[in-house]
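J.: First the structure, which I've put down as structure tokens, then a few questions once you've had a look.
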Amino acid sequence: MIYLDYQATTPLAPEARDAMLRWLDGPGGTGFGNPHSAHRMGRQAKAAIELARDQVAALFPPNGRVIFTSGATEALNLAIRGSGRGGTVSYSAIEHSAVGDTAQDAGASHMLNVAKNGQCNTKQDLPADTRLVCVMQVNNEIGTIQPTVEWHRKAKENNALFLCDAVQAYGRIELTGADMIAISAHKFHGPKGIGALWVRNGLDLHEVQTGGGQEFGLRSGTLSPALIAGMGAAAAEAKDRMEQDRDHVDKLWRRARELFTDWTLNGSDEARWHGNLNIRRKGLDVGRLMSDVRDVMFSAGSACASGSGRPSHVLKAIGLSDRQAKSSIRLGFGRYTTIEDIEQAAGKINAAAEAQGL
């Protein structure tokens, strides 16, 4: 099988797997201790967590702290709900549902529009009572890189906080400044079930999940040394090879663009993470295509929204019709993808599309 769905999840890095193994010991081992216990095994587990915290923090801006969560969805909920009550939460029309749905549920919300290239323009006004602005750094469906530096500045000018969903950016490009940043380990070759919220120093949140208050009194629940060690190792590896990974992805992008010349690109060609190729073909039956090309793993949109039957809210936001949105596919590639993978997948996908008479 050929895996081209890197926006949904990424293969676990060998370095992350190796880092996790010690903390998965069974009876007779020493790595299964509770990191919140005061005895020796607990202290060892806690030390592993703090090492990983430093590794994860190394890819964030300075002057902040890392709060471990179960993933980006929990991190975004903590940021939106824990940063205040009252006022309006403004968010871009192409945010992940973990932002949009949470903002709507948390109180007053306001949607910011995006241009046809997928970027959220800072010239639009914010409601006067905006307390939080949410704009992701790299979109998960079309890969568009957002002007987050300008949005951070605009939020400050309006006495609002700025939250950035950096799930698709962390470990790939340099993160820009914010008050809060959410990430998820399995998007940068770490394990599933672990993520983090970075919080700027001096910013006080209130807990939204009560209990033991293990993470700075903000996030209750026993931490997993294995998951966190894997996340830390994945972060360290991403930091060491960021330039190498980017150069590799650029080569894959150029070859993919050559092979899909008969398709229309969705979103910006320039302001984009090149590991995301979202394309459409007039009249394409995507369901049939995916059935005909079962050995190539690609997506019709966000994995989180698959099966809903609704057209992508991201593609609708950039002006596509329902028909155009439903004739689009997303190919995601990265560190472990080869040129041969791209070429073989393109051959199969193009042949299946042509078999539909397109």
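J.: Can you find, within the stretch 307-357, the residue that is farthest from the chain's Cα centre (by Cα) among those that are among the hydroxyl-bearing types (Ser, Thr, Tyr) and surrounded by fewer than 20 Cβ atoms within 10 Å (Cβ to Cβ)?
T.: SER321
J.: Which members of the stretch 152-197 meet the condition of being among the β-branched types (Val, Ile, Thr) and open to solvent by less than 20 Å² (accessible area, probe 1.4 Å)?
T.: If the condition is that a residue be among the β-branched types (Val, Ile, Thr) and open to solvent by less than 20 Å² (accessible area, probe 1.4 Å), then VAL167, ILE181, ILE183, ILE194 are the ones that fit.
J.: Then there is this: Looking only at residues in the stretch 38-67 that are touching a strand residue (DSSP E or B) at 6+ places or on another chain (Cβ under 9 Å), assigned to a helix (DSSP H, G or I) and open to solvent by 20 Å² or more (accessible area, probe 1.4 Å), which one is farthest from LYS187 (Cα to Cα)?
T.: Ranking the qualifying residues of the stretch 38-67, first place goes to ASP54.
J.: Still on this structure: If you go through the stretch 11-37 one residue at a time, how many are open to solvent by 50 Å² or more (accessible area, probe 1.4 Å) and either more than 23 Å from the chain's Cα centre (by Cα) or at pLDDT below 95 (or both)?
T.: Of the residues in the stretch 11-37, 11 are open to solvent by 50 Å² or more (accessible area, probe 1.4 Å) and either more than 23 Å from the chain's Cα centre (by Cα) or at pLDDT below 95 (or both).
J.: Is it the case, given these coordinates, that PHE216 is farther than 30 Å from LEU320 by Cβ, of a type in the set (Phe, Trp, Tyr) and in contact (Cβ under 8 Å) with a residue 24 or more places away in the chain?
T.: Numbers: farther than 30 Å from LEU320 by Cβ: yes; of a type in the set (Phe, Trp, Tyr): yes; in contact (Cβ under 8 Å) with a residue 24 or more places away in the chain: yes.
Yes; evaluated as a whole, the condition is true for this residue.
J.: Let me ask another. Return the residues of the stretch 294-306 that are surrounded by 20 or more Cβ atoms within 10 Å (Cβ to Cβ), in a loop (DSSP other than H, G, I, E, B) and modelled with pLDDT of 95 or more; say none if nothing qualifies.
T.: Result: PHE298, single match.
J.: Now a separate question. Just to be sure I understand, how many residues within the stretch 126-151 are more than 16 Å from TRP273 (Cα to Cα), open to solvent by less than 30 Å² (accessible area, probe 1.4 Å) and part of a helix (DSSP H, G or I)?
T.: Residues in the stretch 126-151 being more than 16 Å from TRP273 (Cα to Cα), open to solvent by less than 30 Å² (accessible area, probe 1.4 Å) and part of a helix (DSSP H, G or I): 1 in total.
J.: Find all pairs meeting these conditions: Cβ atoms under 7 angstrom apart; at least six residues apart or on different chains; first residue within the stretch 113-126 and in contact (Cβ under 8 Å) with a residue 60 or more places away in the chain; second residue open to solvent by 40 Å² or more (accessible area, probe 1.4 Å) and part of a loop (DSSP other than H, G, I, E, B).
T.: Correct list of pairs: ALA115/ASN121; LYS116/GLY319.
J.: Here are the criteria: (1) touching a strand residue (DSSP E or B) at 6+ places or on another chain (Cβ under 7 Å); (2) under 28 Å from ARG172 (Cα atoms); (3) touching a residue at least 24 places away in the same chain (Cβ under 8 Å). Tell me which single one SER327 does not satisfy.
T.: (2)
J.: If you don't mind, another one. Given the criterion touching a Lys or Arg at 6+ places or on another chain (Cβ under 9 Å), farther than 19 Å from VAL249 by Cβ and hydroxyl-bearing (Ser, Thr, Tyr), identify the matching residue among THR122, THR144.
T.: The conditions single out THR122.
J.: ARG172: farther than 25 Å from ARG246 by Cα and among the charged types (D, E, K, R), yes or no? Walk me through how you get there before you give the answer.
T.: Values: farther than 25 Å from ARG246 by Cα: no; among the charged types (D, E, K, R): yes.
No.
J.: Select from the stretch 68-115 the residues that are touching a strand residue (DSSP E or B) at 6+ places or on another chain (Cβ under 7 Å), open to solvent by 40 Å² or more (accessible area, probe 1.4 Å) and outside any loop (DSSP other than H, G, I, E, B) and list them in ascending order.
T.: Correct list: ALA106, ALA108, SER109, HIS110, MET111.
J.: Now for a different question. Residues in the stretch 2-10: is at least one in a helix (DSSP H, G or I) and either surrounded by 15 or more Cβ atoms within 10 Å (Cβ to Cβ) or of a type in the set (S, T, N, Q) (or both)?
T.: Checked against the condition, which is being in a helix (DSSP H, G or I) and either surrounded by 15 or more Cβ atoms within 10 Å (Cβ to Cβ) or of a type in the set (S, T, N, Q) (or both), the stretch 2-10 yields no hits at all.
The values are calculated or read from the model by the stated rules, or taken from the named source; none is laboratory data. Note that this is a predicted model, so its numbers are computed, not measured. With ideal geometry, Cβ positions are generated from the backbone for all residues, glycine too; neighbour counts draw on all protein chains shown. Please note that ligands, DNA and RNA were not included when accessible areas were found on the heavy atoms of the full protein model with its side chains. Shrake-Rupley method; radii C 1.70, N 1.55, O 1.52, S 1.80 Å.
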